[in-house]
């Protein structure tokens, strides 16, 4: 998740309508230099220099050869530089095209299906000045003036700081080993589990972490600072889950109190979404020098150890003050975003819409269904309906920031149509089971929902994901007869809606007689859980 510093959650660049470039296509498309190989694993090393704001390291990229090709695209953004590439001890030639390196394997025989290259890199990575609203490497200091470093790069891409295949559709299937070389006065934390900390050279240590599960490139991050640790075991649906917490030393006591919310959150989410998807890699919260991000098995936390979103309630319902927004939302991404990942970021509503709905689920778990409804409906204040939720495919462009609240309201409507929370819960659990550790498209998610609930929601998806119009229910009363129709809608739109009295009506695009008696001046009271407009025609 990215944020913009308002009360609402909009990715900063979602409002940009810049013309796409060749670089956008190289980044956003699985072209001939990417399609012939499948990413298996990274063995990544980085050594930052805080004083010069530079980094250096290497990435051993393990891959499977799917078909013969002479050229491989590796992504690394300017001004970072690939210093050398080797394959089986032999140097590989390459040329640079801005943020892309084209490796030339001509004359090199790729004999086996599984291979690896070693990529050495160095440079001064783009600095995130206002992370996570912009992206890059974060060179910060804690309040005791000690170095505190990390990375936030969702959307911008992991290639802002290390060489990789920077596309969401191809995750390293067997995870990553990540080693940080640091001054021995600092502690390095990352995704997965700590493998070892050992002396590297005088005054320096190497800290190695390992992830066993598939992981998205932008989720692989270092956290470097004066960290202390404590942990606990959560007895979940798949047994014992290690929960580890890493915070700056002077925040230990207040962090212990605030993070007491974690077991309640995990219990709620496992009940509704299925088992935590990464038991093998543990669950972690890591204090970060920015607000938050859904880094898999190492969730970035920077919400000042207080409830709400930086002390505010995004829904203005009052319920958002009763739990820690960053803890809940970013952890929800472990199911929607990290477990289920979209192939193209144009479909990021799957991440953000469902995860925003996890806030509603958590509110309901703690305070009841009406509290959840009030929280959810309050989020509509953030919806701008500026551009469609789904972005442009193949050029690494997200759609509107409405993917958060508008996406969750779409899910809320589907829940109302199902009329059975047990069935709705099985839908959410089924998504996480059937798309476990997979990359998906919007179309796959739409078809899955339609099939599982037995309701064709295709026009509903088209309306809320692909247009900026909120369907308007117009009604009039003629001789005490109620007539209704849909306007501002896609062709054939026929959403049935529930009234406050519990009755359902099924309007169409044409004036339709509704078998409900309504007095001439009586208002049509629609269930507020439907995100629609209502207008009386005199």
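The values are calculated or read from the model by the stated rules, or taken from the named source; none is laboratory data. Everything numeric here is computed off the predicted structure, so don't read it as measured data. Virtual Cβ from ideal backbone geometry, glycine too; neighbours counted across all protein chains shown.
Some observations on this one:
- Residue count, the range 491-505 (criterion: under 16 Å from residue 472 (Cβ atoms) and touching a strand residue (DSSP E or B) at 6+ places or on another chain (Cβ under 9 Å)): 6
- Boolean, residue 295 is closer than 24 Å to residue 135 by Cβ and either part of a loop (DSSP other than H, G, I, E, B) or in contact with a strand residue (DSSP E or B) (Cβ under 9 Å, 6 or more places away or on another chain) (or both): yes
- If the condition is being in contact (Cβ under 8 Å) with a residue 60 or more places away in the chain, part of a helix (DSSP H, G or I) and either closer than 19 Å to residue 286 by Cβ or in contact with a strand residue (DSSP E or B) (Cβ under 9 Å, 6 or more places away or on another chain) (or both), then the range 252-265 contributes 258, 261, 262, 265.
- Here the condition is being over 24 Å from residue 456 (Cβ atoms), part of a loop (DSSP other than H, G, I, E, B) and within 40 Å of the chain's Cα centre (by Cα); of 529, 538, 501, 510, it holds for 501 alone.
- Residue match in the range 229-236 (condition: out of contact with any strand residue (DSSP E or B) (no Cβ under 8 Å at 6 or more places or on another chain), outside the structural domain of residue 173 (by TED's automatic domain parsing) and either buried (at least 17 other Cβ atoms within 10 Å of the Cβ) or closer than 29 Å to residue 56 by Cα (or both)): yes
- Selection status of residue 155, surrounded by 14 or more Cβ atoms within 10 Å (Cβ to Cβ), out of contact with any strand residue (DSSP E or B) (no Cβ under 9 Å at 6 or more places or on another chain) and touching a residue at least 60 places away in the same chain (Cβ under 8 Å): yes
- Residues of the range 197-214 classified as part of a strand (DSSP E or B) and under 29 Å from the mean Cα position of the chain (by Cα), total: 5
- When 173, 145, 166, 184 are screened for being over 23 Å from the mean Cα position of the chain (by Cα) and touching a residue at least 12 places away in the same chain (Cβ under 8 Å), only 184 passes.
- Yes/no for residue 480 being closer than 20 Å to residue 537 by Cα, touching a residue at least 40 places away in the same chain (Cβ under 8 Å) and either exposed (fewer than 14 other Cβ atoms within 10 Å of the Cβ) or not assigned by TED's automatic domain parsing to the domain that holds residue 373 (or both): yes
- Residue that is nearest to the chain's Cα centre (by Cα), among those in the range 308-332 that are under 18 Å from residue 376 (Cβ atoms) and part of a loop (DSSP other than H, G, I, E, B): 314
- Filtered by the rule that a residue be in contact with a helix residue (DSSP H, G or I) (Cβ under 7 Å, 6 or more places away or on another chain) and at positive phi, the range 124-168 gives 136, 155, 157.
- Count - residues of the range 431-467 that are surrounded by fewer than 18 Cβ atoms within 10 Å (Cβ to Cβ), under 21 Å from residue 275 (Cβ atoms) and touching a helix residue (DSSP H, G or I) at 6+ places or on another chain (Cβ under 6 Å): 1
- For residue 125, the requirement of being over 19 Å from residue 59 (Cβ atoms), touching a residue at least 60 places away in the same chain (Cβ under 8 Å), in the same structural domain as residue 36 (by TED's automatic domain parsing) and under 26 Å from the mean Cα position of the chain (by Cα) is not met.
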